[in-house]
Each structure stands twice: as C-alpha cells, then as structure tokens.
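The structure appears right after this line, and notes come after that.
The values are calculated or read from the model by the stated rules, or taken from the named source; none is laboratory data. Keep in mind that this is a model prediction, so the values were computed, not measured. Neighbour counts are summed over all protein chains in view; Cβ atoms, including those assigned to glycine, are modelled from backbone coordinates with ideal geometry. Surface accessibility is based on the protein's heavy atoms, side chains included, excluding ligands, DNA and RNA. Shrake-Rupley method; radii C 1.70, N 1.55, O 1.52, S 1.80 Å.
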Amino acid sequence: MRLRVPFAVRRLVVAVAVVAVTAVVAAVSATAAPAESPERPDRPAVRVLGEETIPKGLAVDGMPIGELSGIDYDARNGLWYLISDDSEEAPARFYTADLDLDAHGLSRVRFIGATRILRTDGTPFPPLASDDSEVADPEAIRLDPRSRTLYWSSEGKRDVPTDGSPAALVDPWVRQMTLGGRHIREFRQPSQFTMSAGEQGPRRNAVFEGLTLTADRRELVASLEGPLYDDGPLPTPTTGAVSRLTWYDKRSGAPVRQFAYDIDPIPAVPDPPTAGADNGVVELLPIDQHRLLVLERAFISGVGNSIRLYAIDVRGATNTLDDTSLADGDYRPVRKRLVVDLADLDLSHIDNVEGMAWGPRLPTGERTLVLVSDDNFNAPQVSQVIALALRVR
C-alpha cells in the first residue's frame, strides 16, 4: 500500500531539503574560499596577487627612488610609469619600471629609468621650497595610449607665513607632457581652484591627488584630495567632508562638468586624541562610462593608515562646476559603495598608498589592479607595490 502524502507536506519536505543542501554548500564554499576574496553579491571579488617592497637607498639614472604617488600601465610595451611626489631629493621626475605580474602573482619590480619632468621653458623644476614662480608638487600620472603622451598633476603650493610676510602661492595644474618629459600644454581650471592666502579656494596639500582618463579616453578626470575652504571643514572621526571630481575635455583642455564626492569620516580616533589624522581622495580609475573606482587614504597618528576602495556612479549627481561653495549641502553627490578595505586583505603591511592603475587582464576574466605607496623618504615608511585581482560587476 502506497502512503499518499498531501501536496502541502511534500512541498514542505522539499523546501527543508533544499535549505539543508544550500547550507551545506555554503559551509563548504566558505571553507574553501580564500579569506581575502569573499564572494558577495553586492561587492566585487578581490584577492591579493602579491606585494613587493622597494629597498631603501635605490636609485636609477642618478635619481633616488621613492615617494611613489602615481602609477600607470603601458600595455603596448608592458612597462609601467610611476611619478615621484618629490622635488627636493632630485628634480621632479617619473620612473619607468618592469613588473613581473601575471596569474601566478607579482614576483619582481625592476626600475629601468628615470625621466626629469620639464617646465614650460624646458628646464628642470627647482625644489618646491624655492621662491620660484613655477614649482611642482607632482601627484598623479596617466598615459594616453592614443597620443603616446603623459598627463600629470601638481597640487601647487600654498605657504602662508604666520608673521604676515608675503604668501607663496602657485596654482595647482593638470598638464600634458611627452614621454621624454617635455611640456606640451596645461589644462584650464575652474576659478574655485585658484590658490589664495585667505581661507578660500584650495587647502595646502589637498588638491589634485588623483587623475584618470575616462573609459572612452575622450576626457580627463581630476580629483581633489580634500574640501575647498569654501566647501566646508576637513573630515574628523565623526564627520566626513566633500571633494570635487572635475571632468575636462581632452581636445580643448577646458573643464566641462564636475560632481561632488562625499569623503568618509576618519575611520579611527588618533592616539592620543589630540594628535593628527586625515582622510581624503588619492586616486581614481574608470570602470565604464558612468562608474569609477575611487581610493580613499587615511592616516591616523598612533593607529596607522586606512586604505579603502570604492566604486562610484555619477548618474543622477548634481553638476557643481559653477558652484562657488558646497557648504550648504544643496547638491546630490555621486553614489558610492565599498569595494574593499585593504585591512580585510592578507597583506603584510599597509603603508601610505596613493597611486593605482589597471594592469593586464587575467585568463580568469579578472582585472589586475596595482597600488603603490608614498614613503615620503621617511625611514619608518616603505615604498610598497601591491597587486590585486579584481572582478568588477
């Protein structure tokens, strides 16, 4: 005699079985998956390919290697360009390097040469501390694969003495140069980015830290590291701040639109609480025509560095190009979501990461992402190269 089980009961039994099997599969997957690569539907998978530390005291072409603030990849010849945030130890410069990076990991970083970045008159830049009217504080570098030229940014200079003596002011810029370092042109800037001795315009060391080409390579995007004086205060452990991302037409060199980006609060309280801490935007890269990766870097005294990678979407954001102030909050910022906090990855150390670049694609379909740190030529810090595999959804 066959026992007839009511349909509702049969459906309940099947549902319980499915739940049980799903739980087992999830448990096995959690055990097998690498700790640094959680598969979550709301976050791209990220895993570490490798990391290398550049030994102290290395030099190439007579120029010391350090203060690595920006990096980009030349797919045509498999080389990398890295810019130095330094004009004191040697003239403003960028390096050429070879990275052994593939699906098996990152195994070597070899510096091949150094190229001086030249001023508009064809001479090397003097030290930033000099009283010259054309000095540079280099931060970001990008290769244009079509024109075979480089774009680079400088944060400018804002030294305002407290004794009332004249201020030293040099406006920030985005410039184009040849692969040999010769000046080609400078992009036009919105009036909000003019340096001032008063509390308006850009803050010192909080200007063009990030730079990228758009996905279609028709425009450039530059990011401010921190808020303009006109846009409100710097971030604190309890409150965030606002940065501006500016799009420039590559042909005309003019700014065409701009969006606000909300910077996170500083992720920890310094130790002691009266010590220094900051957080800001240090780099960005295109994902597609509407989305970009944004790198936030924080330093907290007594705690260390915090590095977080976000994906942003500019659709629906307010164009702030003509806004002299964002302090009233009357704008819609870009949307952002966390991709990865480097503290959650299996890294030996996290230093002052400031630059990032897309590298070659892997057979898995993942993209390689290479990060570099600025050691400030400071003995306790290191020049670090981190390679990640990233799947962007």
Look at Thr364 and say whether it is under 24 Å from Val109 (Cα atoms) and modelled with pLDDT under 95.
yes
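Can you tell me which residue among Leu234, Leu292 is open to solvent by 50 Å² or more (accessible area, probe 1.4 Å), hydrophobic (A, V, I, L, M, F, W, C), at pLDDT 95 or above and within 20 Å of the chain's Cα centre (by Cα)? Walk me through it before giving the result.
On the way: Leu292 fails: open to solvent by 50 Å² or more (accessible area, probe 1.4 Å).
From the options Leu234, Leu292, the qualifying one is Leu234.
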Those residues of segment 357-374 which are open to solvent by 10 Å² or more (accessible area, probe 1.4 Å), closer than 16 Å to Leu284 by Cα and either touching a Gly at 6+ places or on another chain (Cβ under 9 Å) or of a type in the set (D, E, K, R) (or both) amount to Arg367
May I ask you to verify whether Phe208 is surrounded by fewer than 23 Cβ atoms within 10 Å (Cβ to Cβ), aromatic (Phe, Trp, Tyr) and within 30 Å of Pro124 (Cβ to Cβ)?
no
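Okay, residues lined up against (1) in contact (Cβ under 8 Å) with a residue 60 or more places away in the chain; (2) farther than 30 Å from Gly113 by Cα; (3) touching a Leu at 6+ places or on another chain (Cβ under 9 Å); (4) open to solvent by less than 10 Å² (accessible area, probe 1.4 Å):
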residue: Met177; (1), (2), (3), (4): yes, no, yes, yes
residue: Gly180; (1), (2), (3), (4): yes, no, yes, no
residue: Gln192; (1), (2), (3), (4): yes, yes, yes, no
residue: Arg203; (1), (2), (3), (4): no, yes, yes, no
residue: Leu213; (1), (2), (3), (4): yes, no, yes, no
residue: Ala222; (1), (2), (3), (4): yes, no, yes, yes
residue: Arg257; (1), (2), (3), (4): yes, yes, yes, no
residue: Asp262; (1), (2), (3), (4): yes, yes, no, no
Residue among Asp262, Asp278 that is within 18 Å of Glu225 (Cα to Cα), out of contact with any Ser or Thr (no Cβ under 9 Å at 6 or more places or on another chain) and not basic (Lys, Arg):
Asp278
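With respect to Thr120, is the statement that it is modelled with pLDDT of 95 or more and closer than 30 Å to Arg251 by Cα true? First the steps, then the outcome.
Numbers: modelled with pLDDT of 95 or more: yes; closer than 30 Å to Arg251 by Cα: yes.
For Thr120, the condition - modelled with pLDDT of 95 or more and closer than 30 Å to Arg251 by Cα - is met.
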When Ala168 is run through (1) within 28 Å of Leu285 (Cβ to Cβ); (2) open to solvent by 10 Å² or more (accessible area, probe 1.4 Å), the failure sits at (1)
Residue that is nearest to Ala222 (Cα to Cα) [pool: residues in segment 264-289 that are open to solvent by 70 Å² or more (accessible area, probe 1.4 Å) and among the β-branched types (Val, Ile, Thr)]
Val269
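Given the structure, is Ile184 surrounded by fewer than 16 Cβ atoms within 10 Å (Cβ to Cβ) and under 17 Å from Leu213 (Cβ atoms)? Spell out the reasoning first.
Values: surrounded by fewer than 16 Cβ atoms within 10 Å (Cβ to Cβ): yes; under 17 Å from Leu213 (Cβ atoms): yes.
Yes, satisfied.
Which strands (runs of 3 or more DSSP E) does segment 68-118 wholly contain that include 2 or more residues that are open to solvent by 30 Å² or more (accessible area, probe 1.4 Å) and either touching a strand residue (DSSP E or B) at 6+ places or on another chain (Cβ under 6 Å) or over 17 Å from Ala136 (Cα atoms) (or both)? Let's see the steps before the verdict.
Numbers: elements: 68-74, 79-84, 93-102, 105-116.
Counting at least 2 such residues, we get 93-102, 105-116.
Would you please name the residue that is nearest to Phe208 (Cα to Cα), looking only at residues in segment 125-145 that are aliphatic (A, V, I, L, M) and in a loop (DSSP other than H, G, I, E, B)?
First, pick out the residues of segment 125-145 that are aliphatic (A, V, I, L, M): 128-129, 135-136, 140-141, 143.
From what's left, in a loop (DSSP other than H, G, I, E, B): 128-129, 135-136.
On the way: Leu128: 16, Ala129: 19, Val135: 15, Ala136: 12 Å.
Among those residues, the one meeting the criterion is Ala136.
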